[in-house]
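Step one of this worksheet: look at the structure below.
The values are calculated or read from the model by the stated rules, or taken from the named source; none is laboratory data. It should be emphasised that the depicted structure is a prediction, and the values quoted were computed from it without experimental measurement. Backbone-built Cβ (ideal geometry, glycine too); neighbour counts: all protein chains shown.
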Amino acid sequence: MKKTKSISLVSSSLLALLLVPRFAFALVAGGCGTACINMGADHSLQEVAIQDLYPYLWRQLLLVAAFYISGFIFGKLVQRGKMSPSLSRKLVCVLTFVVSFANSFSVPAYGISVTCVLVGSGCVIILAMLSSLALPLRRKFAVLQTVFSAINRPEDEPYTLGWLATEAVVTGVVIIAFIPVIHYFSNRSLADQDIIYGLMLMPVFASGIGDALAEIVGKRWGKHFYSTRSITGNRVYMRSYEGSFMVFVTTVAAGLIVAAQFHFELPVFYWKAFILLPFTLTLAEAKAPHTWDNPLLYLAGYATIVLCLL
């Protein structure tokens with residue numbers, strides 16, 4: 001009962017972030033680096049004053065702190081046998097997602113160039129954090145071994161860090177590839193730009209929240225299972241339909257919250273995306289290689305939205 005209440009509270013609080021007066025177009029690379037894209041004129045890097053980005057950059061340190069602090073706390077619970085590695089891993093992901101997503105609201109919207117740089121910087125931060133958990137450093141510093149325990153599923157060894165690192169990089173590449181496409185279609189659309197902002201958040205929440213809940217629910221309440229393979233193809237893992245359904249539910253909930261902000265008076269392309277996204281994102285999560293959910297979720301989500309804008 002306590003676990004159920006905790007999951008409900010976390011998911012409700014995160015979805016409530018969509019209720020801000022002006023939507024941010026959050027681009028989340030691997031659950032971390034975020035940025036906002038300007039749907040108007042683009043600015044070169046030379047035109048951007050670094051002091052305008054200082055608040056964002058300083059708050060990125062909170063993301064790093066959240067990763068290590070939550071990792072240490074949950075890692076201790078895992079080492080003592082009081083929490084499963086799967087639950088610990090997802091809780092760390094959700095907490096860092098919250099910090100990263102909240103920080104995205106502080107970023108001035110400068111356009112394509114700056115957005116690509118910020119998404120890239122997010123990937124660099126992720127790779128740096130993962131590199132700090134490499135085996136030689138874990139052997140030297142016990143605290144890093146504890147943090148690693150929070151994100152390491154024994155069944156993923158010895159590929160845990162490698163799979164997480166490649167997932168972050170490929171997710172960043174997918175997002176950066178879609179930035180100019182989204183910029184183009186948002187400019188040519190006659191719809192309110194805030195509608196585009198809200199619509200693009202649906203894959204973000206499917207990846208940041210729905211995917212996390214999928215494993216938590218699947219481990220706790222999953223009864224109907226299907227198999228998936230690792231990215232290398234040499235290992236088979238089990239997923240549950242009950243868990244995958246969380247991606248569907250999160251996507252629908254995010255879409256309804258966005259629609260409510262506009263009193264459900266939205267253009268046809270929005271309702272096309274609202275109908276298609278829960279299915280395409282759930283299918284992407286189900287078919288994605290083990291630990292490589294994020295790249296497929298963003299690819300399927302953004303491609304679906306672009307098709308609906310055509």
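Need the failing condition index for VAL247 against (1) in contact with a helix residue (DSSP H, G or I) (Cβ under 7 Å, 6 or more places away or on another chain); (2) under 24 Å from TRP271 (Cβ atoms); (3) β-branched (Val, Ile, Thr); (4) at pLDDT below 85, just the number.
The one condition VAL247 does not meet is (4).
Would you check if there is a residue in segment 209-216 being more than 24 Å from GLU157 (Cα to Cα), in a helix (DSSP H, G or I) and modelled with pLDDT of 85 or more?
At the first step, the residues of segment 209-216 found to be more than 24 Å from GLU157 (Cα to Cα) are 209-210.
Those still in the list that are in a helix (DSSP H, G or I) too: 209-210.
Filter once more, keeping what is modelled with pLDDT of 85 or more: none.
No, because not a single residue in segment 209-216 is more than 24 Å from GLU157 (Cα to Cα), in a helix (DSSP H, G or I) and modelled with pLDDT of 85 or more.
Counting just the residues of segment 172-187 that are of a type outside the set (Gly, Ala, Ser) and modelled with pLDDT of 85 or more, which one comes out surrounded by the fewest Cβ atoms within 10 Å (Cβ to Cβ)?
VAL173
Within segment 226-265, work out how many residues are surrounded by fewer than 14 Cβ atoms within 10 Å (Cβ to Cβ), more than 22 Å from the chain's Cα centre (by Cα) and more than 27 Å from VAL98 (Cα to Cα).
7
Please find, among ALA253, ALA273, the residue that is closer than 17 Å to LEU213 by Cα, of a type outside the set (Phe, Trp, Tyr) and in contact (Cβ under 8 Å) with a residue 40 or more places away in the chain. Walk me through it before giving the result.
Values: ALA273 fails: closer than 17 Å to LEU213 by Cα.
Matching residue, one of ALA253, ALA273: ALA253.
Within segment 123-152, take every residue that is outside any loop (DSSP other than H, G, I, E, B) and out of contact with any helix residue (DSSP H, G or I) (no Cβ under 7 Å at 6 or more places or on another chain) and give me the one that is surrounded by the most Cβ atoms within 10 Å (Cβ to Cβ).
In this case the residue turns out to be VAL124.
On the given criteria, is ALA212 under 18 Å from LEU91 (Cα atoms) and crowded, with 23+ Cβ neighbours inside 10 Å? Give the steps one after another, and end with the answer.
Numbers: under 18 Å from LEU91 (Cα atoms): yes; crowded, with 23+ Cβ neighbours inside 10 Å: yes.
Answer is yes for this residue.
Taking the condition in contact with a Pro (Cβ under 9 Å, 6 or more places away or on another chain) and farther than 27 Å from LEU276 by Cα, does ALA150 pass?
On the way: in contact with a Pro (Cβ under 9 Å, 6 or more places away or on another chain): yes; farther than 27 Å from LEU276 by Cα: yes.
Against the criterion (in contact with a Pro (Cβ under 9 Å, 6 or more places away or on another chain) and farther than 27 Å from LEU276 by Cα), ALA150 qualifies.
Select from segment 256-310 the residues that are of a type in the set (Gly, Ala, Ser) and closer than 30 Å to GLY162 by Cα and write down the one among them that is modelled with the lowest pLDDT.
So the first thing to find is which residues in segment 256-310 are of a type in the set (Gly, Ala, Ser), and the list is 259-260, 273, 284, 286, 288, 300-301, 303.
When the remaining residues are screened for being closer than 30 Å to GLY162 by Cα, the result is 284, 286, 288, 300-301, 303.
Values: ALA284: 90, ALA286: 87, ALA288: 84, ALA300: 92, GLY301: 91, ALA303: 92.
The residue in question is ALA288.
Go through segment 153-185 and give me each residue that's assigned to a helix (DSSP H, G or I), closer than 13 Å to LEU133 by Cα and in contact (Cβ under 8 Å) with a residue 24 or more places away in the chain. It would help to see each step written out before you state the result.
Looking only at segment 153-185, we keep the residues that are assigned to a helix (DSSP H, G or I), and these are 154-156, 160-185.
Remaining after also requiring closer than 13 Å to LEU133 by Cα: 160-162, 164-165.
If the condition is that a residue be assigned to a helix (DSSP H, G or I), closer than 13 Å to LEU133 by Cα and in contact (Cβ under 8 Å) with a residue 24 or more places away in the chain, then LEU161, LEU164, ALA165 are the ones that fit.
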